[in-house]
1. Could you state the angle between the C-alpha long axis of helix 230-242 and the longest principal axis of the C-alpha atoms of the chain, as a value from 0 to 90 degrees rounded to the nearest 10?
2. Please list 181-188, 88-95, 349-356 highest first by mean number of surrounding beta-carbon atoms within 10 Å per residue.
3. If you stretched the chain out fully between Ser370 and Thr265, how much longer would it get, using 0.36 nm times the residue separation minus the C-alpha to C-alpha distance?
4. Taking 41 Å as R0, compute the FRET efficiency from the Cβ-Cβ separation of Leu190 and Glu303 and round it to 0.05.
5. Ranked highest first by average number of other Cβ atoms within 10 Å, how do 319-326, 40-47, 261-268 line up?
6. When the helices in the chain are scored as -39500 (n - 2.57) per DSSP H run of 4 or longer and the sum is shared across all residues, what 222 nm value do you end up with, to the nearest 500 deg cm²/dmol?
7. List the aspartates and glutamates whose Cα lies under 17 Å from the Cα of Lys220, skipping any in the same chain that are fewer than 8 positions away.
8. What percent do you get for the relative contact order of the chain when only Cα pairs under 8 Å and 6+ apart count?
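Readers should treat all values here as calculations from the given coordinates under stated rules, not as data from a laboratory. The structure displayed is predicted, hence computed values, not measured ones. Every residue, glycine as well, gets a Cβ built from its backbone with ideal geometry; the counts of neighbours run over all protein chains shown.
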Amino acid sequence: MKRRTLLEGAGALALPASSGLLWPSVVRAAPKVRVGLALPFTGVQAEVAADLRLGYELAFAHAEQSGLEIDPVWEDDKASADETVRLIDKFSKDRSIIAASGIVGTPHAKAALPVAIKGGLPVVGLRSGAAELRDGSPLVFHLRASFSDELTLMLSTIKGAGLDRLAVVYSDDAFGKSSMEHVKVAAAKLGLTIASAVAAERTGKDVIQAVDKAVDIQHKAGALLMLMIVAPMVKGVTHARTTKFFMNPVFCMSFCATRQLADSTEKSLAGLGLVSAFPLPRSSTTELAGRFRRLAEAAKRPEALRSLTAFEGFMYGSVLSAALSKVPDGQRSSLQTALKRPIDLAGVRVAFDTQNVGYHYLQVVRKSGSGEIKA
């Protein structure tokens, strides 16, 4: 993706401040501010990275209209935790980079965040809701609800539907194991029975076999929970529906709400339930979502509206931009100070709590028969 194209498109949005598109502050000239973004542009999460980048680009384009020019340093971590560590270490040592954002995945965050903290590098927005990452570090700023809260809401929905036996296929990694432990505790409190729990390799190479075991007829599961990233999740659900003839409800995680899922015409995905950690950008009435829609239209990127992942990147980029606009000296410590104060982000309040979580949104959504993700 060419950043220049996005900026030129967004430049067409040069409207007066009363339109709500510009921050209500004096436009000022400022030098470029460098931020580091380590995203998995190649590998199993490549589409996620592309959509996140689109969201960041739209946020940075809006910031430029307001006089803040952000110079993003894009790096490919190739979906490798070791590579994420190397890149975050590189960003930490480069004092011209004021912050990092966009780490994708719990294993990657667990490995890389200690390096960022040691190097004094603020990380604003990462794509993991793992509880073990929320230790209140003053350098790590979370912008999504925790996986624990997400799973609790999902299990409550399942219980509310009158289902009491649950099959689970979970990713055999840090995210999947910790999530499975939370599911066991939460299910017990709700009176749900875990009929089966089967681990699958993170990339999904054995997800078919895992689903076979999980929904075997002997388990009599009333619902299937897929704790997997989007590609193996889709593969597993399709197999469950078409080969195992499992017609009961199926649920997946918020990070599966990518454009790949939104665009899929696979009939077996109809009715798929998930908990979204962000409002649906196409239908949300918030001014922030309206800004996102207008910027995407101006940049001629309508596909952004079908991707919760793109909106997630836009949210991260917008919070980072709003805080950077209050940092005149380009210092990391000044950015930390700016982030400690509540941010009114086009009507969306971001205020970091004692665990440094600034945004706690959750909403149950589903993939409709027409394919669109709806509330």
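1. Taking Cα atoms only, the helix is inclined about 30 degrees.
2. 88-95, 181-188, 349-356
3. Answer, rounded to one decimal: 37.0 nm.
4. 0.60
5. So the peptides 319-326, 40-47, 261-268, ranked by packing, come out 319-326, 40-47, 261-268.
6. -12500 deg cm²/dmol
7. Cα-Cα hits under 17 Å: Asp164, Asp212.
8. So the answer I get is 20 percent.
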